[in-house]
Amino acid sequence: MYWKNELRNNLTTIGQLSNYVELSGKEQCLLNHIITKHPMSVTRYYLSLIDWNNPNDPIKKMAIPSINELKLCGSYDTSGEKENTKMPGLQHKYPQTALILSTNKCSMYCRYCFRKRLVGLPTEETIRRFSQGVRYIKNHTEINNVLISGGDPFMLHTSTIGKFLEKLVEIPHLDFIRFGTRVPVAFPMRIIEDKELQKLLKSYAFGTKKIYVVTQFNHPKEITTKAKNAVTALSKSGVIIGNQTVLLKGVNDDPDILAELQNKLVNIGISPYYVFQCRPVKRVKKHFQVPLYKGYNIIEEAKKKLNGHSKRFRYIMSHKTGKIEIMGILNDEIYLKYHQAKDFRNLGKFFKKKLDENAGWLDDLK
């Protein structure tokens, strides 16, 4: 298939990277060490969005490894995924939602990824026996939706995606099925060129179960003509599209940039869903995480530039205890609320912590 062949042209080595940016021998050695731990793979399309003359180019920061990834503070499992794993590849943290890790492959490996422990590497965390996962979901009638994630599920063969949908739509207590994907952002040709994928999605989207696609656009530069065409193809297939943005230092931690992004998303038919606080992941936290205090102020300043539709998103921290919304700051206190909670008794709980202007995560607050 065309898109599979195109991925063979991805930038994957530091030698290839040297054709775009000047690197010293020491830098090449350090970056080679990093990508043995966390592989580099960037589509030629996404590479074309980088301004190599700009040392602070936001697209480059998201795609190209940095020596900052040598900083190991943080955790590889910031949201408690291990403790919520019921079988390889299936997590059940919140009563209504089952999460399927369908693959460890992505079209591009984002440097800020919170699943750096998994993507692009041999792993036992992805689902091996889908039939067992289906059986688990069938036996847990409190589950009303399934999120298929990874890696990126749109890296699966179209026929495999079809098998997933075929089995899941038969489960009576499911209301909808979601795909979490960055393909429309990093590799839109996968959607534009694959008419069979469009046809497959359409065959299910107008059936008894709604199909959602949750994208991850983080910067206005990512909203290109090809990205728009991919989104249009998905919309014409009948799927409902939302977006989760990650607040990233040096990428979108600016009210004007964040506002431009959300406005453009609505303009192309995508509903803003969450803006996520960057998780304190090893090799990510130090150079991508914005303090909560600063993040909240960025969000609020951005909202002043947005209309009702473009500011429907919530500013969320995906903590091991649940999804915590950052609600406000007053004097020396920060106010928070459990939007989702692993412990049902915490659901909707409103609470406050003493403000620490350097804190980037709940665990850093007192």
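Just a few scattered comments:
- Test: residue in the stretch 310-323 that is at pLDDT 95 or above, surrounded by fewer than 19 Cβ atoms within 10 Å (Cβ to Cβ), closer than 23 Å to Ile241 by Cα and in contact with an Asp or Glu (Cβ under 6 Å, 6 or more places away or on another chain): yes
- The set of residues in the stretch 32-54 that are among the polar types (S, T, N, Q) and without any contact (Cβ under 8 Å) to a residue 12 or more places away in the chain comprises Thr36, Ser48, Asn53, Asn54.
- Scanning the stretch 188-198 for residues that are more than 22 Å from the chain's Cα centre (by Cα) and touching a residue at least 12 places away in the same chain (Cβ under 8 Å) gives Glu193, Asp194, Glu196.
- Residue within the stretch 52-67 that is more than 26 Å from Lys226 (Cα to Cα), in contact with a Pro (Cβ under 9 Å, 6 or more places away or on another chain), modelled with pLDDT of 95 or more and surrounded by fewer than 20 Cβ atoms within 10 Å (Cβ to Cβ) present: no
- Here the condition is being more than 18 Å from the chain's Cα centre (by Cα) and among the basic types (Lys, Arg); of Lys354, Lys323, Lys249, Lys285, it holds for Lys354 alone.
- Ala259 meets the conditions (1) surrounded by 20 or more Cβ atoms within 10 Å (Cβ to Cβ); (2) free of Cβ contacts under 8 Å to residues at least 60 places away in the same chain; (3) of a type in the set (Gly, Ala, Ser); (4) touching a strand residue (DSSP E or B) at 6+ places or on another chain (Cβ under 9 Å) in every case but one. The failed one is (4).
- When residues of the stretch 332-349 are limited to those that are in a loop (DSSP other than H, G, I, E, B) and free of Cβ contacts under 8 Å to residues at least 60 places away in the same chain, the one nearest to Tyr296 (Cα to Cα): Asp332
This table checks each residue for (1) buried (at least 18 other Cβ atoms within 10 Å of the Cβ); (2) at pLDDT 95 or above; (3) among the acidic types (Asp, Glu); (4) under 14 Å from the mean Cα position of the chain (by Cα).
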site: Thr158; (1), (2), (3), (4): yes, yes, no, no
site: Lys163; (1), (2), (3), (4): no, yes, no, no
site: Val169; (1), (2), (3), (4): no, yes, no, no
site: Ala186; (1), (2), (3), (4): yes, yes, no, yes
site: Gly207; (1), (2), (3), (4): no, no, no, no
site: Val213; (1), (2), (3), (4): yes, yes, no, yes
site: Gln216; (1), (2), (3), (4): yes, yes, no, yes
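- Criterion: loosely packed, with under 15 Cβ neighbours inside 10 Å, basic (Lys, Arg), modelled with pLDDT under 95 and touching a helix residue (DSSP H, G or I) at 6+ places or on another chain (Cβ under 8 Å) - qualifying residue of Lys71, Lys4: Lys71
- Counted as qualifying within the stretch 129-243 are no strands (runs of 3 or more DSSP E), as none has 3 or more residues that are more than 21 Å from Thr103 (Cα to Cα) and out of contact with any Gly (no Cβ under 8 Å at 6 or more places or on another chain).
- Among the residues of the stretch 216-235, not a single one is touching a Pro at 6+ places or on another chain (Cβ under 6 Å), under 18 Å from Ile299 (Cα atoms) and polar (S, T, N, Q).
- Which listed residue is under 16 Å from the mean Cα position of the chain (by Cα) and crowded, with 18+ Cβ neighbours inside 10 Å, from Leu292, Leu265: Leu265
- The stretch 1-31, residues that are among the polar types (S, T, N, Q) and touching a residue at least 24 places away in the same chain (Cβ under 8 Å): Asn9, Asn10, Thr12, Thr13
- Leu101 falls short on exactly one of the conditions (1) under 23 Å from Ser66 (Cα atoms); (2) surrounded by 15 or more Cβ atoms within 10 Å (Cβ to Cβ), and that condition is (1).
- Pick from the stretch 108-130, criterion among the hydroxyl-bearing types (Ser, Thr, Tyr) and over 20 Å from Leu248 (Cα atoms), ranking: surrounded by the fewest Cβ atoms within 10 Å (Cβ to Cβ): Thr123
The values are calculated or read from the model by the stated rules, or taken from the named source; none is laboratory data. Quick caveat: nothing in here was measured; it's all calculated off a predicted structure. All Cβ positions, glycine included, derive from the backbone under ideal geometry; neighbour counts span all protein chains shown.
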